[in-house]
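Data first, discussion second: the structure below is written as structure tokens.
The values are calculated or read from the model by the stated rules, or taken from the named source; none is laboratory data. Keep in mind it's a predicted model, so treat the numbers as computed, not measured. Note that we place each Cβ from the backbone using ideal geometry, even for glycine, and neighbour counts take in every protein chain shown. Protein only, heavy atoms only, side chains kept; ligands, DNA and RNA dropped before computing areas. Shrake-Rupley method; radii C 1.70, N 1.55, O 1.52, S 1.80 Å.
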Amino acid sequence: MKMKVYYLGPEGTFSYQAAVKYQPHADLVPCQSLYEVVEQFNQHTNSQAIVPIENAIEGTINLIADELIENQLHVIGEVYLDIAFDVVGLTPSMEHISSVVSIAPIISQTKRFITDYELDVKHSDSSLDSLNYIDHETVAIIPHQSTTAYPVITEHIEDYPYNKTRFLVLSHQETSHPTTQALLLLTPKVDKPGLLANILNVFNLYNINLSWIESRPTKQQFGCYHFLIQCQIAASSDDYKQVLKIFEALEITVRTIGAF
């Protein structure tokens, strides 16, 4: 039986493209929201899911960062996807166009185009759902080279030419392959001066490179944070085990969210 992989749909979204890149022969199951992706994944223990965690322009997707903290999710891989956008509509030009529709992240990454044409902004549930709102005065911004019946008016309208999104692969089982990356959740028990510096110094002590660090509020007390840290180290290494012991001595709870 094929592995079920849940993603933010419908077919043709960036999440779909990432899912195909990761598991082209899996049973890809679209969901209407990222909340639903995580919910469906949690309900089906033999499934996997692919979710966006970071965009090179917009930064961290906080919703997914919080889901990693609040749920017992396990990360077994990551997928990088080039991000570009096209404008599609009923007409071959932007003449007489007064509004544009897409999802919030795409709108944020195409502000120059929207501002240049002085367009009113409408939001849709997904990038391809925006096609349902096209009319003679409204165009849609969708992933580059998506399959659609509408003609492309303008290609590559992204604000910055270098744009990538990083996706995480979620699984209920740990990977059986050797790993070189570890994703950690650090939760200090006590807030004190120099806390973040102490955390970073531990990694510096063992010459461990950090590829991603994100702080998220604990939502229990103002000024207290969780830290999500991805580092380049094998989770089975002696150095990694020593790092965990040091954090324990510093009264910092550590959960290994992923190794890949």
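Calculated translational diffusion coefficient of region 108-260 (37 °C, 0.692 mPa s; Stokes-Einstein with Kirkwood radius over alpha-carbon pairs) equals 169 µm²/s. Value of Rg to Rh for region 48-95, rounded to two decimals, is 1.18; Kirkwood radius and Rg both from alpha-carbon coordinates. Across region 168-177, rounded Karplus estimates of 3J(HN,Hα) from the backbone phi angles (6.51 cos²θ - 1.76 cosθ + 1.60, θ = phi - 60°) give 9, 9, 9, 9, 8, 10, 6, 5, 9, 8 Hz, Gly and Pro being marked x. Ranking F14, F41 from most to least accessible surface, computed with a 1.4 Å probe over the protein chains only, gives F14, F41. Need the list of lysines near K2 for cross-linking: C-alpha distance under 20 angstrom, and skip anything on the same chain fewer than eight residues off. Counting by Cα, and skipping residues close in sequence, K2 has these lysines nearby: K21.
Would you work out if region 1-91 is rounded, prolate or oblate? Take a ≥ b ≥ c from the square roots of the eigenvalues of the alpha-carbon gyration tensor; rounded if a/c is under 1.5, else prolate when a/b is larger than b/c, oblate otherwise. Oblate. Protein heavy-atom surface of the chain, 1.4 angstrom probe: 49% of the accessible area is carbon and sulfur, with nucleic acids and ligands not counted. Pairwise Cα separations in region 1-155 fall into 5 Å bins from 0 onward with the following percentages, short to long: 2, 9, 18, 21, 17, 13, 10, 6, 3, 1, 0.
Sparse packing (at most 13 other Cβ atoms within 10 Å of the Cβ) combined with a DSSP loop state is found for the following trypsin sites (Lys or Arg not before Pro) in region 212-260: K219. Taking the square roots of 5 times each eigenvalue of the Cα gyration tensor of region 215-260, largest first, gives ellipsoid semi-axes of 23, 13, 7 Å. If you model region 160-204 as an ellipsoid using its alpha carbon gyration tensor, with each semi-axis the square root of five times an eigenvalue, the axes come out at 28, 20, 12 Å, biggest first.
Based on every Cα atom in region 63-117, Rg and the maximum pairwise Cα distance Dmax equal 17.3, 50 Å. Surface analysis of the chain yields an accessible area of 52 Å² per residue, using protein heavy atoms and a 1.4 Å probe. Relative to the longest principal axis of the Cα atoms of the chain, the long axis of helix 34-43 lies at roughly 50 degrees. Principal axis analysis of the Cα atoms in the chain yields extents of 65, 48, 32 Å, listed in decreasing size. The percentage of C-alpha pairs in region 137-225 whose separation is greater than 17 Å is 71%. Of the chymotrypsin sites (Phe, Trp or Tyr not before Pro) in region 164-222, the ones in a loop by DSSP (not H, G, I, E or B) with at most 10 other beta carbons within 10 Å are F222.
Computed over region 107-159, the convex hull of the alpha-carbon atoms projects to a mean area of 3.7 nm².
Going down the table (K111/K164; K192/K245; K4/K189; K189/K241), which pairs top 28 Å between alpha carbons? From K111/K164; K192/K245; K4/K189; K189/K241, over 28 Å: K4/K189.
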